Each structure stands twice: as structure tokens, then as C-alpha cells.
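Would you mind keeping the following structure in view while I ask a few things?
The values are calculated or read from the model by the stated rules, or taken from the named source; none is laboratory data. Since this is a predicted model, take the numbers as computed values, not measurements. All Cβ positions, glycine included, derive from the backbone under ideal geometry; neighbour counts span all protein chains shown.
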Amino acid sequence: MAEEGVFRRGERHNTTRFVKGTNAKKPPNFEGTGLIAIFKHPLSIFLLCVPFGIWSYYAKWNAAYTFWLNFFAMLPMAKILGDITEELAAGLRNDLLAGLINATFGNAVEMVITVQTLRGGLYAVVKATLLGSVLSNVLLVLGMSFLFGGLVNVNKDKQKDTAALEKEETGGFSVVAEKVQTFKILGAMVNTSMLLLSCLSFTLVTVFGTMMSEQYGMDRESLEEVMLPVSRTCSIIIVSAYAAYIIFQLFTHREVMAEGGVDEEEEEDGSISVTTAGILLFVMTSVVAFCSDLLVDSIEDMTENAHMGEHFIGIILLPIVGNACEHAAAVRFAMQDKPGLSIGIAVGSSTQIALFVVPFSVLVGWCIDRPMDLNFGALNVTVMTLSVIVVLSMVVDGQSNWLQGYLLCAAYAVIAVLFWYVPNSGSNETI
């Protein structure tokens, strides 16, 4: 195949892959080479849901069938799209360009779903999905990583020096007592500070909208005339802050921001050529866009007939699509005593969503004439801000343990219960 002939025999070209949304080096998410290796994953069995999900929509099946079939179809496609993006970036053999591509398209699935949901006019679902992606990463993914990383070690030869610790052998893993993991503080603090900046922006715009409505008595149309230019201007400023963040981590402070989580023997040759990766990226993005369009179309009927609100779907369910595989990778790295990679996946991806995907959704809404703004509602911005503050308190000392992980997971469970009982807004407004 074309991808096998891109490298000459006898030559070795080490490539670099990065944690989603960061410049932290990581090994590939799959084993082997070529296209088969990308699709050879247990989640690929859910690709069978793709044709059934499409057929259910055109055959006028119940909306619940269309929703769940396309929901499960998105899981393997998110994994494959992420792997292809990594291979495209790695095949360029330019770490700066690869890091830039990864930082821009690391959350491609969330971006596609956002555009499709905007086209459907479900602005409350868009905001809930983006908020849910941030919360899922910083609370659930990071919490599970700290939890399992603080309790379990993967038994490897290079980890046999932990014999001094109390261990209870459990097959391929070992439960470790008194375990505390350490990581670089700078990367975690920069990402968390950027998240706090986004919280400040969303909170101020939300408070501004509430003040204009309550104190100045603006009706809906007058408020929209004010909120849209404010949100769009603030989105441009936030995107500029994200651009500064990219320059900081890829150019001016590249070495101090890198985690160095990959050993030399873990680096591999590129699996597929840049051309093949580009074609696959276009094809998979098109399929994801089509399936997400069907998914979005079924949400309204789904919320009417099922005992499940649009906020719970947006904040809890839809983020699972883009975060499932990264969730597993973050936990695996934490268990291998690479907490820096886990934090890069969780907090770095949240930073990308909050500082790039959210303002991106506002600017895209501007382009397609959809009134998307940064007014996320008092409840949403309060939940997000308090969550980021809690995470900041966990990473500020550069150490983690299983109790911190459990507390983050407990916080996420409280939020899930909260949004389960939030009723539908009945319109496209944010409650």
C-alpha cells in the first residue's frame, strides 16, 4: 500500500505524537502499523452502528433508536479520528507543526458536533455540551486518573523498584499503599490559569446579560442586540489568548512545558503516509458530521419521550463521545506513573475547549447567522468556575493521590445528579 512505501527500507524516522491539546509527548494509542492497526481496537465493533443509525433515521424509527445508535457510532469514530490526527501530525516530522495541528484539531469531534448542533438551532445543547466536555475532563477524567494512579501500578520491569512499598499482587497489577505521584507544576498551573481566564470571561458576560435584563428592563430582542456583539468581541479576545497560549507552549517555553513522558524505545515510525492520513481525516470528518447531524435531529424528540433532559444529555452524555478513549488513555498513563500525561490529556483538553472551541462556536454562529452567545446561565458558570477552583487546589503542589481522585469523581457525580433534575428550557434560551 502507499502508506507502506513512504519510508525507505533500512531507514528509521522517529516521529513524535502529542497529548491531545498539548505539546506533551505520548506513545501512539494503538499497536502495530498501517490502516489495520488504527481500526484494530475493541471499540471498532461499534462501527456496525453507523449504517443502522443512518437507516433508523430514514426508516423513521423511534427517535431513541436513532439517538443511541448514532451515539455509540460516534465512540469508535472519535477514537479513529484522534488517531488519524496524531498520525498526520507525526508524519510531518516537524514537532512544531505537529504540535500546532494537534493543538488546533485535538477536539475535532467536539467542534463538528458543535457546528451541527448550531445549525439545528439548539443553542442550550451547544452550551451544555461544551460545558460538559470541560467538566468531564477536569473532574471525571482527571479524578479517575488520580484515583487509579494513586492505588494501582502496572507491573513492568522498570517499576520493580517499588518493592519497598507494601503491595498486594493482583494479576498484572499491584495495589500500592502510601503512593503519591508527582508531576511538573508549570504545565498544570498554566492550563488551570487559562481555564480560570475562560471562567472569568463567561461569568462576566453572563452577569452582564442578567444585569441588562433585570436592572435595565431589556426585552429579549434588545438584549440579543447587545449580547451578540459583546460575545463576539469577547470571543475574538479569548481566541487571541489561546493563540498566545499556543505560542507559549510551542515556541517560547517549549522545553519547560513538555512532560517528556515517552521513552526513546517507545517512539515508533509513522504508520501511514501524510497523504493517506489527510484523505482519511477528510472522510472520517464527513462521516462524523453526518452522524452527528442525525444525532442532533433526534435530540428534541428524545427529550420529549424519554425521562431525560436536554441539559443532562448535553453535559453528561454527549461529552462521553469525545472523551471516552482519551479517558482510558489518561487512566492508563496514570497507572504507569506518568501523571503529567494524564493531566495533559484532562486539563489540556479542557483548556482547548474553553479557550478555542467555545469562542469558535460563537464565531461560527456569527458566520452562519445563528445567535450563539457566551451567556451560559448562572448555574452553568457557577458549576464551571467552582470546578476549576477545586482542580486548582488539587494540582497546585505538584502531587496527587487516590483521595484527591475520589473527591473529583464525587464532585462530578454531584453535578450529574444536579443536571438530571434540571428541566428543559422549552426554548433555545439558556435557563
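Inspect all residues belonging to region 170-179 and state whether any of them is in a helix (DSSP H, G or I) and either modelled with pLDDT under 80 or more than 30 Å from VAL226 (Cβ to Cβ) (or both).
Within region 170-179, not a single residue is in a helix (DSSP H, G or I) and either modelled with pLDDT under 80 or more than 30 Å from VAL226 (Cβ to Cβ) (or both).
To continue, here is another question. On the given criteria, is PHE360 touching a Phe, Trp or Tyr at 6+ places or on another chain (Cβ under 6 Å), buried (at least 20 other Cβ atoms within 10 Å of the Cβ), within 24 Å of ILE246 (Cα to Cα) and among the aromatic types (Phe, Trp, Tyr)?
Judged against the criteria, PHE360 is not a match.
Take region 234-255 and flag every residue that is more than 20 Å from the chain's Cα centre (by Cα) and farther than 19 Å from ALA188 by Cα.
Correct list: CYS234, ILE236, ILE237, SER240.
Among (1) touching a strand residue (DSSP E or B) at 6+ places or on another chain (Cβ under 7 Å); (2) among the small types (Gly, Ala, Ser); (3) within 20 Å of VAL109 (Cα to Cα), which single condition is SER400 missing?
(3)
Starting from residues that are polar (S, T, N, Q) and in contact (Cβ under 8 Å) with a residue 40 or more places away in the chain, keep the ones in region 194-217 and report whichever is surrounded by the fewest Cβ atoms within 10 Å (Cβ to Cβ).
THR210
Something else about it: Consider region 63-78. How many of its residues are in contact (Cβ under 8 Å) with a residue 12 or more places away in the chain and more than 12 Å from ILE45 (Cα to Cα)?
Within region 63-78, residues that are in contact (Cβ under 8 Å) with a residue 12 or more places away in the chain and more than 12 Å from ILE45 (Cα to Cα) number 8.
Let me ask something additional. If only one of GLY377, GLY405, GLY426 is at pLDDT 85 or above and at positive phi, which one is it?
Selected residue: GLY377, the only one of GLY377, GLY405, GLY426 that is at pLDDT 85 or above and at positive phi.
Ok, one more. With the condition kept exactly as written, say whether any residue in region 328-347 is of a type in the set (A, V, I, L, M), surrounded by fewer than 19 Cβ atoms within 10 Å (Cβ to Cβ) and without any contact (Cβ under 8 Å) to a residue 12 or more places away in the chain.
The answer is yes; a qualifying residue exists.
Let me ask you something else. Restricted to region 255-280, and to residues that are farther than 30 Å from ALA59 by Cβ and modelled with pLDDT of 75 or more, which residue is surrounded by the most Cβ atoms within 10 Å (Cβ to Cβ)?
ALA277
Okay, next question. Among all residue pairs at least 6 apart or on different chains, which show Cβ distances below 6 Å where the first residue, located in region 218-235, is among the polar types (S, T, N, Q) and the second is outside any helix (DSSP H, G or I) and modelled with pLDDT of 80 or more?
Final answer for the pair search is SER231/ASP373; SER231/LEU374.
So, one more: Quick one: which helices (runs of 4 or more DSSP H) lie wholly within region 319-408 and hold at least 3 residues that are under 27 Å from PRO76 (Cα atoms)?
Those helices (runs of 4 or more DSSP H) span 339-352, 358-367.
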